[in-house]
1. I'd like to know if the stretch 78-88 contains one or more residues that are surrounded by fewer than 17 Cβ atoms within 10 Å (Cβ to Cβ) and hydrophobic (A, V, I, L, M, F, W, C).
2. What's the number of the only condition in (1) in a loop (DSSP other than H, G, I, E, B); (2) among the hydroxyl-bearing types (Ser, Thr, Tyr); (3) over 26 Å from LEU147 (Cα atoms) that SER55 fails to meet?
3. Are there helices (runs of 4 or more DSSP H) fully within the stretch 65-137 with at least 3 residues that are modelled with pLDDT of 95 or more, within 14 Å of the chain's Cα centre (by Cα) and under 20 Å from PRO14 (Cα atoms)? List them.
4. Any residue in the stretch 1-29 that's at pLDDT 85 or above and buried (at least 16 other Cβ atoms within 10 Å of the Cβ): show its pairings with residues that are of a type in the set (D, E, K, R) and not in a loop (DSSP other than H, G, I, E, B) at Cβ separation under 7 Å, as long as the two are six or more apart or on different chains.
Amino acid sequence: MSVELTSRQKSWTPWLYDSRMTLRELYRQLPGDTATTVPWHVKLLSNPKSPLALSGAVDLFTHDCIHFVLGRGLLPQDEAFVLGFTMGTNRACPWWHPRVLGFCSQHLYRGTYKFSSLEREVFHFAVVVGQLSPVPALGSVDFRTLLHDPLDRIRAKLGLDPRLLNEIYRSERLRWPDTAASRRLGTSGLGRAPATANTARH
């Protein structure tokens, strides 16, 4: 079954949110997932409890929190970056894991989980910048212990300098300048407050 993102999911991005907001506050404002279940073939590689889980496999809560610290929205390009960067920060990641996930995401996944060729390129780009970054393995971070911390403090704990994000996203915009996700990366900065704050999760 193919499930489309809602208009609010397409426009949502924590990049616009005040970095002084706590992780709990941000999580409550995250638009709900339109899919009632994650397909089995996605869980097979991306659920940490799966015997075939690849490096960087995390539960949904951790995945959402990584969106926050990276300042990425919910567009397919954003998802590709989050998945790639998470995998890249795992220094024990075998060389073939990104190839397997990239291939499966483009050729086997369906609906909102399916990568285009561009999104697959972004995924591999994110793997590399994750490997080169000083950030620890994001998939191993216990974000539940950080729920009451503001986003800027969490980024500091993780060594995730906003200037580093700016440079990474500047490079991404130059490589893929004509996408909605890339254009959005260039229109705002860390620490800017949102225009609205409708609670979607509790």
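The values are calculated or read from the model by the stated rules, or taken from the named source; none is laboratory data. Quantities reported herein were computed from a predicted structural model and do not represent experimental measurements. Cβ sites come from the backbone with ideal geometry, for glycine too, and all protein chains shown count toward neighbours.
1. Taking the stretch 78-88 and keeping what is surrounded by fewer than 17 Cβ atoms within 10 Å (Cβ to Cβ), we get none.
Checked against the condition, which is being surrounded by fewer than 17 Cβ atoms within 10 Å (Cβ to Cβ) and hydrophobic (A, V, I, L, M, F, W, C), the stretch 78-88 yields no hits at all.
2. Failing condition for SER55: (3).
3. Numbers: elements: 76-88, 96-107, 117-132.
By residue number, 76-88, 117-132.
4. Partner pairs satisfying both residue conditions: TYR27/ASP64.
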